[in-house]
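A quick write-up on the structure given underneath.
The values are calculated or read from the model by the stated rules, or taken from the named source; none is laboratory data. The model shown is predicted, which means the values in this text are computed figures rather than measured ones. Note that each Cβ is placed from the backbone with ideal geometry, even for glycine, and that neighbours are counted across all protein chains shown.
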Amino acid sequence: MKRNFCLDVLGLPHGSPLDDVKKRFRELALKYHPDVNDDPEAKEKFLNYLKAYQYLLNEGDQLADMYSSYKQKSYQERPVADAVDEFEARQKAREKMRQRAREYAEAHKKEAEEIEKRVFTKLTSGWPWNLVRLSAAISCIFALAIFVDFWLPEIQTGTTVKAKVYYKYFQRNTVIYDDQSTVDVPENVHLRIASGDTFLLNFSGMLQEFTSYTIIKPSGEEMKFDNPYNLFSYYPIASLLFLIPGFLFYYKKNEVSFYILYFAVCVPYPGLIIHQILREDKLTHVLSWLSS
């Protein structure tokens, strides 16, 4: 052990206090210091005494050495049975902590499931569920209307063209009819129109969805230009899209897909339907079509 070795170098018994170490070093320094002793061996002895003294003064080395000594003594003196008992006690403590963690996680999971169940019950009962189902039903009816309207005869409005005008300031291509009514058209249609042509706007039979332009020349030549932004552009995709909310009538499960569909029926679909119904006075046309 290094501390005891240093004490042996100074000629002190093991366990000597620091005051005895300082006193002993002063005695040896007065005897072997090179300034007072010319013997070459005296210098070597003094350096050994100095190293031992410096180590003993270093508190960190002393504490580390004392801890090492204590640990070694503890392991030597403690019976093997005690060590085994301590190990088993620690293992039991760890297992107990794991069990408590599992119980906490299970309780937390159970609480979350109960909350989720209450939310699901709240959303699928009473007036919220009736309102959502009504929204889904309206969406399905609108989908069927699109499906049927595609096959109904088109309605055409328009007459003979008197002139066409380009308003540069407003960036508008306008067609003027003989009856002085006007309509704005895309550039590709505006370029094909001439005075004397019959210019028609084509709408679906029930929803009055604007579908295309028709130009009939005096010679009988007919040209048709589709409106790229209408419900029938990618028929029947639009119809199928509005049929999706109908799944809520038989699909009622506490799953993520159900909540996504539920949210869609509550927010995006009503907005799309309201936009389509109010656009181009569709509601008025549908009511007049049903009454006729």
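Values computed for the structure shown
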{"item": "The lone exception for PRO153 - which of (1) buried (at least 16 other Cβ atoms within 10 Å of the Cβ); (2) within 19 Å of GLU209 (Cα to Cα); (3) not small (Gly, Ala, Ser) it fails", "result": "(1)"}
{"item": "Of residues in region 249-258 being part of a helix (DSSP H, G or I) and without any contact (Cβ under 8 Å) to a residue 60 or more places away in the chain, the one farthest from the chain's Cα centre (by Cα)", "result": "PHE258"}
{"item": "Positions within region 208-248 being hydrophobic (A, V, I, L, M, F, W, C), over 30 Å from LYS162 (Cβ atoms), over 28 Å from the mean Cα position of the chain (by Cα) and surrounded by 15 or more Cβ atoms within 10 Å (Cβ to Cβ), in sequence order", "result": "LEU231, PHE232, ALA238, LEU243"}
{"item": "Residue in region 130-153 that is closer than 30 Å to ILE237 by Cα and among the basic types (Lys, Arg) present", "result": "yes"}
{"item": "For GLY196: the one exception among (1) in a loop (DSSP other than H, G, I, E, B); (2) over 29 Å from PRO236 (Cβ atoms); (3) without any contact (Cβ under 8 Å) to a residue 24 or more places away in the chain", "result": "(3)"}
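Listed here are the residues, each with its yes/no results for (1) in contact with a strand residue (DSSP E or B) (Cβ under 7 Å, 6 or more places away or on another chain); (2) under 22 Å from THR124 (Cβ atoms).
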site: ASP184; (1), (2): yes, no
site: ILE193; (1), (2): yes, no
site: LEU241; (1), (2): no, no
site: TYR251; (1), (2): no, yes
site: VAL256; (1), (2): no, yes
site: PRO270; (1), (2): no, yes
site: ARG279; (1), (2): no, no
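Here's the yes/no breakdown for (1) of a type in the set (Phe, Trp, Tyr); (2) assigned to a loop (DSSP other than H, G, I, E, B); (3) not assigned by TED's automatic domain parsing to the domain that holds ILE274:
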{"residue": "GLY158", "(1), (2), (3)": "no, no, yes"}
{"residue": "VAL165", "(1), (2), (3)": "no, no, yes"}
{"residue": "TYR169", "(1), (2), (3)": "yes, yes, yes"}
{"residue": "LEU207", "(1), (2), (3)": "no, yes, yes"}
{"residue": "THR211", "(1), (2), (3)": "no, no, yes"}
{"residue": "ILE215", "(1), (2), (3)": "no, no, yes"}
{"residue": "LEU231", "(1), (2), (3)": "no, yes, yes"}
